[in-house]
Structure formats: structure tokens, C-alpha cells
1. So which residues in the stretch 24-38 are part of a loop (DSSP other than H, G, I, E, B) and either open to solvent by less than 80 Å² (accessible area, probe 1.4 Å) or polar (S, T, N, Q) (or both), if there are any at all?
2. Please verify whether the stretch 39-60 includes one or more residues that are among the basic types (K, R), open to solvent by 100 Å² or more (accessible area, probe 1.4 Å) and modelled with pLDDT under 70.
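The values are calculated or read from the model by the stated rules, or taken from the named source; none is laboratory data. Predicted model only: the values in this text are computed from it and were never measured. Just so you know, the surface numbers come from the protein's heavy atoms only, side chains and all, with ligands and any DNA or RNA stripped out. Shrake-Rupley method; radii C 1.70, N 1.55, O 1.52, S 1.80 Å.
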Amino acid sequence: MYYKFSGFAQRLVGATAAAAYSPQRADGLPVHLKRGVPDRLLYRTTMALTIGGTIYCLVALYMASQPRQQK
């Protein structure tokens, strides 16, 4: 049997497998973008920081792997 949380009191109610896990509703939007503009802004900011941090780490690793030139 599958369970899902229902209502403010977070009661467990019996449900089918599809109802227990439904990451999308009828409009086709994923759950993390349901509340509109604030969610989109937070998602895009998070992705930009993640990609920027990854690129920064790769550049730092590349620079650290190069031998220093002696004068």
C-alpha cells in the first residue's frame, strides 16, 4: 500500500502509486516551478551559480596543474 501526506495536519491516507508520487500536475509544470516568477528566478539563479562555480573550479584546477615559470 502506498501513502501520501494529505492536508494541514499531515495525515497519512491510503493512495495508489500514481497519486503517492506525482511530480507534475495537469498543467505539465514540475513541482519546483509551480509558484511562478519567484520559483523561476530562484531556479535560474541556482543554475547560474552552479554552472559558474563549476567553470571556476575547472579553471582553478587547470591553473594549479600548470608549472610555474621561474624568472
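1. Selection gives G28, L29, K34, G36.
2. no
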